[in-house]
Amino acid sequence: MSLLKRPPRQRKGGLTFSSAPQKRQRSASPIPIPTKRNRLSPIDSTETTIQTRVLVISDTHGVSALPQILSHDLKIDVVLHCGDLSECGTLEDTEDGKKLHDEAREIWTSASVKEAGIELLAEGIHEFALDNGARLRIYASPYTINSQRVTEWGFGYGSGENRFNSEGEGISYGKAVGTEESVLNGDKEVDVIMTHGPARYRLDLSSGSESLGCPHLFRAMRRIRPKLHVFGHVHNAYGAEIVRWEDNKHLPEDDHVDDGIQAKTKTEGFVEDGVKRIGISARATGAETVFVNAALMGRDGVLENVPWLVDVGLEPV
């Protein structure tokens, strides 16, 4: 789901975004990647967690430079790109789809790419040992509900298809089509869920106020309750929201707006050094989820939004 690149120094794990120029570059500021972790006072930090800084971006659509230069003082540990890295999913906009897919996979799974600290995340749960000593458990999926019925989009599925919940855990009208990799199993702990599209009701409104998120993904969020859900796709809904879940984990046949939610708060973050900064509180795991729509693309092919920088406490390796 990501085009990511680290500085030449060898790393054990983590993801970063490329600062190399591309043909579709529309802005001039390069993307410097900080190489040292931050030592500021932690927001979510206990004796058993390690403060980790996660930079989140999405929907850059072929633009290889951010709106503002990022300061090296940000001390970023991990960078996540949530998809729509290219404009139309092509190398030259004229390649055959199957050939393109094979060539792209060969590039992003090559030895040189892995040595640079880049990971192309296939659908499923992945675990990384980060340089700051933290363990990152992340679920990734490129699949996005095709509510607008655009046939050219890759990784689309219908509104009635349930990819993320096992039989009996989904909403009543969902047809279970998930795989062993795609289904979010409650027995496996996950810190971050990264998808391209949003869950229904969470930062998913189009410019026409249409809810474009996936109801099956929202049901999975209610069940799993990760610390952080990052995504993009709906450019108009860029933003962040903190959701505090109800203690009762009972799942009804269907979900409606704010079902299972005790409180929710939209947050603008703290704007500094070309990013919006937010922190995840040290509440018990499963009590709260921060939803981040990191779609940077605005109008006329210009990146109008800035990345989100999230401070999160992770367990040590």
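The values are calculated or read from the model by the stated rules, or taken from the named source; none is laboratory data. Since the structure is predicted, the reported quantities are computational estimates derived from the model, not experimental observations. When we count neighbours, we look across all protein chains shown, and the Cβ atoms used for this are built from the backbone with ideal geometry, even at glycine.
Across the range 250-272, not a single residue is classified as in contact with a Gly (Cβ under 9 Å, 6 or more places away or on another chain), in a strand (DSSP E or B) and buried (at least 18 other Cβ atoms within 10 Å of the Cβ). The selection criterion, being more than 23 Å from Gly158 (Cβ to Cβ) and touching a residue at least 60 places away in the same chain (Cβ under 8 Å), holds for Lys227.
Looking at Gly269, Gly298, which is the one that is on the phi > 0 side of the Ramachandran plot and touching a Phe, Trp or Tyr at 6+ places or on another chain (Cβ under 9 Å)?
Values: Gly298 fails: on the phi > 0 side of the Ramachandran plot.
Exactly one of Gly269, Gly298 is on the phi > 0 side of the Ramachandran plot and touching a Phe, Trp or Tyr at 6+ places or on another chain (Cβ under 9 Å), namely Gly269.
Exactly one residue out of Asp102, Asp84, Asp59, Asp93 is acidic (Asp, Glu), modelled with pLDDT under 85 and within 15 Å of the chain's Cα centre (by Cα): that is Asp84.
Within the range 225-249, the only residue that satisfies the criterion of being assigned to a loop (DSSP other than H, G, I, E, B) and polar (S, T, N, Q) is Asn248. With respect to Ser110, determine if the residue is surrounded by 18 or more Cβ atoms within 10 Å (Cβ to Cβ), of a type in the set (S, T, N, Q) and modelled with pLDDT of 70 or more. It is false that Ser110 is surrounded by 18 or more Cβ atoms within 10 Å (Cβ to Cβ), of a type in the set (S, T, N, Q) and modelled with pLDDT of 70 or more.
Restricting attention to the range 282-304, the residues that are in contact (Cβ under 8 Å) with a residue 60 or more places away in the chain, surrounded by fewer than 21 Cβ atoms within 10 Å (Cβ to Cβ) and more than 18 Å from Asp191 (Cα to Cα) add up to 4.
Restricted to the range 68-85, and to residues there that are under 20 Å from Ile118 (Cβ atoms) and among the acidic types (Asp, Glu), the residue that is surrounded by the most Cβ atoms within 10 Å (Cβ to Cβ) is Asp77. Only one of the numbered conditions (1) more than 21 Å from Leu55 (Cβ to Cβ); (2) outside any helix (DSSP H, G or I); (3) touching a residue at least 24 places away in the same chain (Cβ under 8 Å) is violated by Arg222, and that is (2).
Within the range 202-219, the residues that satisfy the criterion of being of a type outside the set (A, V, I, L, M) and assigned to a loop (DSSP other than H, G, I, E, B) are Arg202, Asp204, Ser206, Ser207, Gly208, Ser209, Glu210, Gly213. The single condition among (1) without any contact (Cβ under 8 Å) to a residue 60 or more places away in the chain; (2) surrounded by 20 or more Cβ atoms within 10 Å (Cβ to Cβ); (3) under 30 Å from Gly298 (Cα atoms) that Gly174 does not meet is (3).
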